[in-house]
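First comes the structure, then the notes that go with it.
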Amino acid sequence: MTYSEPMGPANQGITILDPTGESRPSTRTPLQRPGSVAGLTVGLLDISKPRGDKFLDRIEELLVERGATVMRFKKPTFTKPAPVDLRHEISISCNVVIEALAD
């Protein structure tokens, strides 16, 4: 299922793919992106798919170069949502989160 959602002037016309199969997608309001990652704590969530860690290794290098503190997290399996305690830890520890999908 796909739908278009206005996301501000710079992102007009972006199509978001919704893999949940809902007959009506829920409305999502994107959060404002920070102007810079300098001084922020960025969480990198590896969902446990092959080579996701390689992708996140490079993202970590780039973030550190830009002044971010990086914390790494990993789901036990990509087949299920992240456990509640892991989501809670990320939410209280990080300003921003990047989730890696790779194969």
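No value in this document is a laboratory result; all are computed from the given coordinates. If you're wondering where the values come from, they're calculated on a predicted model, not measured in any experiment. With ideal geometry, Cβ positions are generated from the backbone for all residues, glycine too; neighbour counts draw on all protein chains shown.
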| said: Amide H of GLY43 versus every other amide H placed in the peptide plane: which residues, excluding those fewer than 5 positions away on the same chain, fall under 5 Å? | reply: MET71, ASN95, VAL96, VAL97, ILE98
| remark: Ranked output for segments 29-36, 69-76 by mean other Cβ atoms within 10 Å, highest leading, reads 69-76, 29-36
| message | When a/c reaches 1.5 or more, the comparison of a/b and b/c decides; with that in mind, is region 41-100 rounded, prolate or oblate per its Cα gyration tensor? | response | oblate
| request: Calculate one ³J(HN,Hα) per residue across region 49-60 by plugging θ = phi - 60° into the Karplus curve 6.51 cos²θ - 1.76 cosθ + 1.60, and present them in order as whole Hz with x for glycine and proline. | output: 8, x, 6, x, 5, 5, 4, 5, 4, 5, 4, 4
| Once amide H atoms are placed 1.01 Å from N in the peptide plane, what residues at a sequence separation of 5 or more from LYS74, or on another chain, have their amide H within under 5 Å of its amide H? | ASP46
